[in-house]
Amino acid sequence: METTVVKEYTFKDFTSDQEVRWCPGCDDYVILRAMQKALPKMGVKREDVVFVSGIGCSSRFPYYIDSYGIHSIHGRAPGIASGVKLANPNLSVWVITGDGDALAIGGNHFIHVLRRNIDLNIILFNNEIYGLTKGQFSPTSLVGQKTKSSPYGNTQPPFSPGELAIGAQARFFARIGGNTPKEMTQLFIEAEKFKGTSLIEILQNCPIFNDGCFTQYTSKAVREDKQLNVEHGKPMIFGKEQDKGLVLNGLKLEVVTIGENGITENDILVHDAKEQDTTLHQMLVRLQYPMVTGIIRSFDDATLEEREDALTAEVKANSKFTKTDDLFFSGGTYKVE
Amino acid sequence: MITAKVNHQQEVLEAVIIRFVGDSGDGMQLTGTQFSDTSAMFGNDIATFPNYPAEIRAPQGSLYGVSGFQVHIGSVEISTPGDSVDLLVAMNPAGLKTNLQAVKPGHTIIVDTDSFTKKNLVKAQYESNPLEDGSLENYRVIEVSMTSLTKETLKDVSGLDNKSITRSKNMFALGMVYWMYDRSTEHTVEFFNKKFKSKPELIEANTKVLNAGFYFAETLELIPNSYTIAPAKMLTGTYRIIMGNTATAWGLLAAAEKSGLDLFLGSYPITPATDILHELVKHKHFGVKAFQAEDEIAGITSAIGASFAGDLAITTTSGPGLALKGEALGLAMMIELPLVVVNVQRGGPSTGLPTKTEQSDLLQSLYGRNGESPVIVIAASTPANCFDYAYEAAKLTLEHMTPVILLTDGYIANGSAPWKIQSVDDMPEIKNNIVSEANENWHPYNRNEDTLARNWAIPGTAGLEHRVGGLEKDRVSGNVSYVPENHEYMIKIRSEKIKRLQNYIPKLTTEFAESGDLLVIGWGGTYGSLHSAVKQLNEAGYSTIGFAHFNYINPLPKNTEAVLKQFKKIVVCELNNGQFAKVLKMNFDGLNLSQFNKVQGLPFGNSELTEKFKQLVN
């Protein structure tokens with residue numbers, strides 16, 4: 001392996017000269033800053049970083065990061081990012097998307113990019129609303145939610161992004177609240193390290209059109225009791241007192257209290273993010289209480305680039321063609337004299 | 001291998017049109033290809049056209065399951081596969097029924113009588129057997145029990161099942177046709193040796209049947225004479241027979257090699273463009289990255305991503321796919337990246353006639369995007385020059401930093417013709433606009449003063465980090481800008497960039513006459529039909545008819561108006577409802593312009609053209 005010396009960056013090196021134009025109080029500011037802090041710690045050169053976004057509030061993101069970037073069209077960032085990465089696998093490629101962008105108009109690209117496992121990082125800003133078009137229900141809005149396009153309540157049942165993603169063979173899925181910058185920075189670094197498509201769902205508050213949508217899980221007061229932050233190889237314990245945990249009861253996950261009914265820490269399920277079988281990961285993703293955060297799934301698998309590279313090397317080794325002339329003048333040619 | 005010909009009366013012909021028809025499984029495409037390759041190697045000019053059903057394995061013997069292959073060979077210049085045929089080889093009643101109208105009266109039909117069973121006649125909706133009811137008396141019918149003769153030929157070859165035996169009957173037919181047109185079986189025998197390398201019994205069987213057909217024709221009294229077609233006068237050089245779609249793929253390969261860039265293809269299967277994908281995926285040895293995407297949109301967006309990252313990026317499609325790519329193509333135009341979009345036109349609208357040809361995507365190509373979003377539009381006009389125009393599309397997009405739509409169509413994409421092989425060494429240089437170093441005044445939207453092409457700064461290059469996007473951008477920095485004057489300036493400069501291309505593309509030329517009574521105008525895949533029709537009239541004394549064919553559509557060649565004004569009348573001939581005629585009317589005032597349009601999913605026929613042109617000059 002060639003060793004490259006990467007200069008020491010600070011978050012300033014990844015801050016562009018563009019004025020940030022999100023609404024005051026938006027979690028997007030937190031996410032941007034977390035990313036600007038994470039990028040210097042990834043060991044990648046600034047010129048090798050590419051951010052690709054679709055359309056929506058979150059998709060302005062690339063303008064604010066001083067690296068290469070494309071603010072593209074609605075829902076299509078995964079396609080563009082795939083092309084960037086396949087053209088130059090040395091690049092660190094990031095997709096910035098939202099719930100409408102990724103799961104409605106871009107739903108097809110979202111599932112297929114996950115299936116292929118190209119080494120990309122996808123950050124899904126989920127605020128359960130269309131913000132940039134001023135407040136319509138999205139594919140993650142709840143049934144009954146009143147929005148500008150559902151004044152009497154939303155009648156369309158939502159997707160759970162994690163459930164959909166894992167169903168589409170996502171190898172890496174993590175979830176995090178939009179108000180925890182330190183953990184978020186760390187998660188971004190983990191996503192970059194993972195070889196394959198990593199998807200991070202951020203529970204992002206929209207203070208204008210869907211204020212408080214995740215407060216019940218993410219507010220400081222309840223966070224520890226309502227969120228279970230899983231870590232690979234560790235028992236799934238949560239709560240202010242660290243006394244709650246998950247056990248399997250038949251085919252369902254159940255929350256138990258350590259110290260009650262003879263339950264000890266040893267009875268609590270240990271998280272295995274690297275397991276290929278998705279059953280438990282899907283159960284964790286679906287839980288409402290606690291809301292599971294952290295890296296839920298991190299299954300190592302060959303990337304599309306690796307598969308392609310191996311094939312290309314094999315074809316090249318067995319081919320008699322090195323220049324197009326070899327091809328053009330091969331086989332059924334004839335001379336006119 | 002048989003080459004000698006003895007004691008037979010030979011008639012010399014200038015050109016001949018042969019059509020092989022049979023069931024989808026009868027191997028008609030292979031038979032036709034072998035005959036055309038052999039003829040090309042003999043030195044004839046050729047043009048071919050396959051015609052097969054949209055259904056992959058249509059029920060045996062049915063009318064809609066007929067597969068055909070037409071080849072036109074000559075000692076003179078051949079520019080179309082031709083209209084009516086001199087020889088029809090029909091392997092079954094359905095093939096005869098659906099193709100009889102194409103046979104010139106008095107000309108020859110060879111049939112496999114073994115296939116004219118009651119069952120097959122019913123399937124072909126014949127009320128009585130055409131071989132017996134006198135309905136073919138205007139033709140010279142050669143009845144051959146090909147299936148039985150094939151079986152008889154192979155009775156001593158071991159290791160063959162019944163299916164392989166009957167399937168080789170197409171080689172019996174081919175052998176007969178080889179004898180009739182004084183062709184050697186050498187090339188086909190070589191082909192067997194290669195194709196069935198590991199199955200010697202199939203080499204033996206096919207060679208035996210081919211020879212049996214050849215000798216059968218020689219001894220058959222029903223074939224009174226054979227024909228000979230001398231080699232055509234063609235430019236010296238090394239040739240091969242190439243299909244339009246293959247030529248397109250190869251042109252792109254050549255451009256990638258010449259430009260020193262990797263070729264990236266983002267594509268989604270669609271008829272009739274898919275063969276370009278099939279061809280390019282084979283060439284991993286040249287570093288081709290061919291990505292079959294989840295839909296047309298991901299096909300083009302992946303190509304846009306690859307272009308941003310510095311590859312020569314291509315997306316290939318047909319009509320409905322181009323509609324789906326519209327928004328993304330607008331993005332590529334807005335962020336001014338190189339991108340080639342190949343649209344192999346087919347019958348539209350909507351799903352239309354997927355396996356048939358048409359030229360009805362011209363206006364979609366020119367205008368099918370939101371906002372003011374001009375792109376370069378060029379069109380190939382023959383199977384072989386698909387190579388040149390694919391190369392040209394890549395050259396233009398790299399040199400001018402704006403997307404290029406290359407239009408071909410089902411007719412030239414599936415048709416084949418001799419291609420004088422071009423070495424990449426002899427192709428024109430391809431420059432690009434890549435910047436590799438930052439300097440103080442660098443901005444992503446700095447432009448080349450002549451072409452107005454912007455800088456192409458590729459990820460991985462330190463100091464050139466920048467953002468692009470679909471929002472309107474500042475004329476220099478590329479940052480988002482809502483300034484009204486800047487928006488108008490950018491609209492104009494993106495349009496001016498296309499217009500400037502007129503300084504780089506060839507001028508329009510005319511053939512047969514530089515001025516006169518009538519100018520026949522065409523564009524794209526109709527070149528062969530129009531050229532041969534005007535040529536024929538010219539040779540018949542109509543010296544005031546000229547012909548101008550367009551390969552460059554946006555922008556039009558600089559001298560277009562001057563050329564057009566040299567003629568009293570203009571007729572624009574298109575396989576659509578008059579799209580290019582609209583473009584000309586929109587651009588130039590005072591043209592005495594009429595239209596000749598055909599929208600049947602078929603190419604122009606020779607006689608309909610010549611009649612129309614005569615009528616216009618008389």
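Considering only residues that are surrounded by 11 or more Cβ atoms within 10 Å (Cβ to Cβ) and hydroxyl-bearing (Ser, Thr, Tyr), look in region B:151-165 and name the one that is farthest from the chain's Cα centre (by Cα).
My answer is B:THR153.
This table checks each residue for (1) among the charged types (D, E, K, R); (2) over 19 Å from A:PHE51 (Cβ atoms); (3) touching a strand residue (DSSP E or B) at 6+ places or on another chain (Cβ under 7 Å).
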| position | (1), (2), (3) |
| --- | --- |
| B:ILE412 | no, yes, no |
| B:ILE421 | no, yes, yes |
| B:ASP426 | yes, yes, no |
| B:GLU429 | yes, yes, no |
| B:ASN439 | no, yes, no |
| B:ASP450 | yes, yes, no |
| B:ALA453 | no, yes, yes |
| B:TRP456 | no, no, yes |
| B:LEU471 | no, no, yes |
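Could we say that A:ILE123 is within 14 Å of chain B (Cβ to nearest Cβ) and outside any loop (DSSP other than H, G, I, E, B) here?
Against the criterion (within 14 Å of chain B (Cβ to nearest Cβ) and outside any loop (DSSP other than H, G, I, E, B)), A:ILE123 does not qualify.
Got a sec? Which of B:LYS282, B:LYS289 is within 10 Å of chain A (Cβ to nearest Cβ), within 22 Å of the chain's Cα centre (by Cα) and among the basic types (Lys, Arg)? Working first, answer last.
Details: B:LYS289 fails: within 22 Å of the chain's Cα centre (by Cα).
Result: B:LYS282 is the single residue among B:LYS282, B:LYS289 that is within 10 Å of chain A (Cβ to nearest Cβ), within 22 Å of the chain's Cα centre (by Cα) and among the basic types (Lys, Arg).
Can you tell me which residues in region B:510-534 are without any contact (Cβ under 8 Å) to a residue 60 or more places away in the chain and over 15 Å from B:ILE570 (Cα atoms)?
Scanning region B:510-534 gives no hits.
Which condition from (1) within 20 Å of B:PHE196 (Cβ to Cβ); (2) part of a helix (DSSP H, G or I) is the one that B:VAL157 breaks?
Exception for B:VAL157: condition (2).
Those residues that are under 28 Å from B:LEU602 (Cβ atoms) and aliphatic (A, V, I, L, M), I need them from region B:561-590; list them, please.
Correct list: B:LEU564, B:ILE570, B:VAL571, B:VAL572, B:LEU575, B:ALA581, B:VAL583, B:LEU584, B:MET586.
Criterion first (touching a strand residue (DSSP E or B) at 6+ places or on another chain (Cβ under 9 Å), over 30 Å from B:LYS195 (Cβ atoms) and either without any contact (Cβ under 8 Å) to a residue 12 or more places away in the chain or among the aliphatic types (A, V, I, L, M) (or both)) does A:ASN229 satisfy it?
It is false that A:ASN229 is touching a strand residue (DSSP E or B) at 6+ places or on another chain (Cβ under 9 Å), over 30 Å from B:LYS195 (Cβ atoms) and either without any contact (Cβ under 8 Å) to a residue 12 or more places away in the chain or among the aliphatic types (A, V, I, L, M) (or both).
Residues of region A:23-48 being surrounded by fewer than 20 Cβ atoms within 10 Å (Cβ to Cβ) and either at pLDDT below 95 or more than 14 Å from every other protein chain (Cβ to nearest Cβ) (or both), which ones?
Residues satisfying the conditions are A:CYS23, A:PRO24, A:GLY25, A:TYR29, A:VAL30, A:ARG33, A:LYS37, A:PRO40, A:LYS41, A:MET42, A:GLY43.
Among (1) part of a helix (DSSP H, G or I); (2) touching a residue at least 40 places away in the same chain (Cβ under 8 Å); (3) β-branched (Val, Ile, Thr), which single condition is B:THR238 missing?
(1)
Looking at region A:126-150, which of its residues are touching a Phe, Trp or Tyr at 6+ places or on another chain (Cβ under 8 Å), touching a residue at least 40 places away in the same chain (Cβ under 8 Å) and in a strand (DSSP E or B)?
A:TYR130, A:THR147
How many residues does region B:441-461 contain that are within 14 Å of chain A (Cβ to nearest Cβ) and on the phi > 0 side of the Ramachandran plot?
Number satisfying all stated conditions: 1.
Just to be sure, is A:ARG21 assigned to a helix (DSSP H, G or I) and either closer than 28 Å to A:HIS109 by Cα or under 16 Å from the mean Cα position of the chain (by Cα) (or both)?
Numbers: assigned to a helix (DSSP H, G or I): no; either closer than 28 Å to A:HIS109 by Cα or under 16 Å from the mean Cα position of the chain (by Cα) (or both): yes.
No: the conditions fail for A:ARG21.
Where in region B:13-101 are there strands (runs of 3 or more DSSP E), lying fully within it, with 1 or more residues that are of a type in the set (Phe, Trp, Tyr)? Walk me through how you get there before you give the answer.
On the way: elements: B:15-23, B:45-51, B:66-74, B:85-90.
Qualifying strands (runs of 3 or more DSSP E): B:15-23, B:45-51, B:66-74.
Being part of a strand (DSSP E or B) and buried (at least 16 other Cβ atoms within 10 Å of the Cβ) is the filter here, so list the residues in region B:572-596 that pass it.
If the condition is that a residue be part of a strand (DSSP E or B) and buried (at least 16 other Cβ atoms within 10 Å of the Cβ), then B:VAL572, B:CYS573, B:GLU574, B:LEU593, B:GLN595, B:PHE596 are the ones that fit.
Go through region B:170-228 residue by residue and tally those that are among the charged types (D, E, K, R), farther than 26 Å from B:SER115 by Cα and assigned to a loop (DSSP other than H, G, I, E, B).
The number of residues fulfilling the criteria is 4.
Quick one: which of B:SER318, B:SER307, B:SER267 is at the interface with another protein chain (Cβ under 10 Å from one of its Cβ atoms), surrounded by 24 or more Cβ atoms within 10 Å (Cβ to Cβ) and of a type in the set (S, T, N, Q)?
Checking each option against the conditions leaves just B:SER307.
Please report, ordered by residue number, the helices (runs of 4 or more DSSP H) entirely within region B:453-571 with at least 3 residues that are surrounded by fewer than 16 Cβ atoms within 10 Å (Cβ to Cβ).
Per the criteria, B:484-500.
Could you list all residues from region B:225-259 that are out of contact with any strand residue (DSSP E or B) (no Cβ under 9 Å at 6 or more places or on another chain) and surrounded by fewer than 22 Cβ atoms within 10 Å (Cβ to Cβ)?
B:LYS258
B:LEU363 is checked against (1) assigned to a loop (DSSP other than H, G, I, E, B); (2) more than 12 Å from chain A (Cβ to nearest Cβ); (3) surrounded by fewer than 23 Cβ atoms within 10 Å (Cβ to Cβ) and fails just one. What number does that condition carry?
Among (1) assigned to a loop (DSSP other than H, G, I, E, B); (2) more than 12 Å from chain A (Cβ to nearest Cβ); (3) surrounded by fewer than 23 Cβ atoms within 10 Å (Cβ to Cβ), B:LEU363 violates only (1).
Please verify whether A:GLY332 is more than 25 Å from the chain's Cα centre (by Cα) and either closer than 30 Å to A:ALA221 by Cα or within 14 Å of chain B (Cβ to nearest Cβ) (or both), treating the condition exactly as stated.
In short, yes.
For a quick check of your reading: which strands (runs of 3 or more DSSP E) sit entirely within region B:256-329 and have at least 2 residues that are polar (S, T, N, Q)?
Once the strands (runs of 3 or more DSSP E) in region B:256-329 are filtered for at least 2 residues that are polar (S, T, N, Q), what remains is B:312-317.
How many of the residues making up region B:465-500 are in contact with a Leu (Cβ under 7 Å, 6 or more places away or on another chain) and either within 14 Å of chain A (Cβ to nearest Cβ) or of a type in the set (Gly, Ala, Ser) (or both)?
The number of residues fulfilling the criteria is 2.
Return a yes/no flag: does region A:295-316 have any residue that is assigned to a strand (DSSP E or B) and within 14 Å of chain B (Cβ to nearest Cβ). Steps first, answer last, please.
Going through region A:295-316, the residues assigned to a strand (DSSP E or B) turn out to be A:295-298.
Subset that is within 14 Å of chain B (Cβ to nearest Cβ): none.
The answer is no; no qualifying residue exists.
If I ask for residues that are touching a strand residue (DSSP E or B) at 6+ places or on another chain (Cβ under 6 Å), within 7 Å of chain B (Cβ to nearest Cβ) and outside any loop (DSSP other than H, G, I, E, B), which ones from region A:55-82 would you list?
Selection gives A:PRO62, A:TYR63, A:TYR68, A:GLY69, A:ILE70, A:HIS71, A:ILE80, A:ALA81.
The values are calculated or read from the model by the stated rules, or taken from the named source; none is laboratory data. Small disclaimer: the values here were computed from a predicted structure and weren't measured. Glycine also receives a Cβ, built like all others from the backbone with ideal geometry; neighbour counts cover every protein chain displayed.
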